[in-house]
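The values are calculated or read from the model by the stated rules, or taken from the named source; none is laboratory data. Values in this document were obtained by computation on a predicted structure and should not be read as measured data. Heads up, the Cβs are rebuilt from the backbone with ideal geometry, glycines too, and the neighbour counts pull from every protein chain shown. Accessible surface is based on the protein model in full, side chains and every heavy atom, while ligands, DNA and RNA are left aside. Shrake-Rupley method; radii C 1.70, N 1.55, O 1.52, S 1.80 Å.
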Amino acid sequence: MDAGEPYVSDEGLPAWLDPVARAARTVRGEELSRFLPPASGSGRQSAVLILFGEGERGPELLLTERAISLRSHAGQPSFPGGSLDPDDGDPGTTGPLRAALREAEEETGLDARGVQIFGVLPKLYIPVSEFVVTPVLGWWRKPSPVGVVDPGETARVFMVPVADLTDPANRATTVHPRGHKGPAFLVHSAVVWGFTAGVIDRILHFAGWERPWDREKQVPLDWHA
């Protein structure tokens, strides 16, 4: 994205991203999650950047690990992102695009000018924090160095090869102490679960990248998850 108003374009994407771009144009919110934004319009407007790059092992995805001291979702692997600021603009148009890029830059130090936004998924909801989340899909057209910018907010920044996310050996079902179950990915010495894992799971499915995996393999989450 060049300086100025953010926009969505799928021109010039690598061929392997075409299935994700196609899915983004047609997928419905209820196909991604059972938690959708309240009809009342309440909730904290936010956005995350789902950033695909290409590394030594092929396609990869940028993730962060939230600092353990944070009030919401402490210690969880996640997409870069956060709440919309007033300066981000209209939550119904370009506000989430600007917020996703801004938050990613603040959390990882990436140069947002090298990111091409190629799709936007339907808004989803995280009941525990009351976030209304817009997932913004990006292609890292011109990669830049990334790392932890503020240790008080981010504990780790890392790239996960898509091959690791689709590997059945790295898939599992998390079991929350309250009984909730959901998809998980065991990658880079981390358990990716919750909202982030749910979105990754659906992207893999609708892009046709999902491989059969053992859904009976369970990973318990400890009491403070």
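With the structure loaded, tell me whether residue 168 is in contact with a helix residue (DSSP H, G or I) (Cβ under 8 Å, 6 or more places away or on another chain) and at pLDDT 95 or above or whether it fails that test. Full working, then the answer.
Details: in contact with a helix residue (DSSP H, G or I) (Cβ under 8 Å, 6 or more places away or on another chain): no; at pLDDT 95 or above: yes.
Against the criterion (in contact with a helix residue (DSSP H, G or I) (Cβ under 8 Å, 6 or more places away or on another chain) and at pLDDT 95 or above), residue 168 does not qualify.
As a summary of the residue check, residue 69 satisfies the conditions (1) at pLDDT 95 or above; (2) more than 27 Å from residue 161 (Cβ to Cβ) except for the one numbered (1). Do the conditions hold for residue 197, that is, is it outside any strand (DSSP E or B), under 22 Å from residue 21 (Cβ atoms), of a type outside the set (Ser, Thr, Tyr) and modelled with pLDDT of 95 or more? Considered against the rule, which asks whether it is outside any strand (DSSP E or B), under 22 Å from residue 21 (Cβ atoms), of a type outside the set (Ser, Thr, Tyr) and modelled with pLDDT of 95 or more, residue 197 comes out as yes.
The numbered conditions (1) touching a strand residue (DSSP E or B) at 6+ places or on another chain (Cβ under 7 Å); (2) farther than 16 Å from residue 64 by Cα; (3) at pLDDT below 95 are all true for residue 191 except (2).
Residues that are on the phi > 0 side of the Ramachandran plot and at pLDDT 95 or above: does the stretch 122-137 have at least one? Checking the stretch 122-137: not a single residue is on the phi > 0 side of the Ramachandran plot and at pLDDT 95 or above.
Please go through the stretch 128-146 and pick out each residue that is in contact with a helix residue (DSSP H, G or I) (Cβ under 8 Å, 6 or more places away or on another chain) and of a type in the set (A, V, I, L, M, F, W, C).
Residues satisfying the conditions are 133, 136, 137, 139, 140, 146.
Of the residues in the stretch 6-16, none is at pLDDT below 95, crowded, with 16+ Cβ neighbours inside 10 Å and either of a type in the set (A, V, I, L, M, F, W, C) or within 14 Å of the chain's Cα centre (by Cα) (or both). A Cβ distance below 7 Å, combined with a sequence gap of six or more or placement on separate chains, defines the contacts here; from the stretch 14-34, residues that are under 24 Å from residue 58 (Cα atoms) reach residues that are part of a loop (DSSP other than H, G, I, E, B) in the pairs 19/207; 19/208; 20/207; 21/10; 21/13; 23/207; 24/121. Among the residues of the stretch 126-151, those that are crowded, with 18+ Cβ neighbours inside 10 Å and farther than 20 Å from residue 85 by Cβ comprise 137, 139, 140, 146.
Search the stretch 166-177 for residues being part of a loop (DSSP other than H, G, I, E, B) and either open to solvent by less than 20 Å² (accessible area, probe 1.4 Å) or in contact with a Leu (Cβ under 9 Å, 6 or more places away or on another chain) (or both), and hand back the single one that is nearest to residue 214 (Cα to Cα).
176
Pairs meeting the criteria (first residue in the stretch 129-158 and outside any strand (DSSP E or B), second residue open to solvent by 60 Å² or more (accessible area, probe 1.4 Å), beta carbons under 7 Å, at least 6 apart or on different chains) are 130/44; 148/156; 149/106; 152/69.
Inclusion of residue 194 among residues that are crowded, with 17+ Cβ neighbours inside 10 Å and on the phi > 0 side of the Ramachandran plot is warranted.
Take the conditions open to solvent by 50 Å² or more (accessible area, probe 1.4 Å) and either in contact with a Phe, Trp or Tyr (Cβ under 7 Å, 6 or more places away or on another chain) or β-branched (Val, Ile, Thr) (or both) and apply them to residue 180. Does it pass? If you could, list the steps in order and put the result at the bottom.
Numbers: open to solvent by 50 Å² or more (accessible area, probe 1.4 Å): yes; either in contact with a Phe, Trp or Tyr (Cβ under 7 Å, 6 or more places away or on another chain) or β-branched (Val, Ile, Thr) (or both): no.
No: the conditions fail for residue 180.
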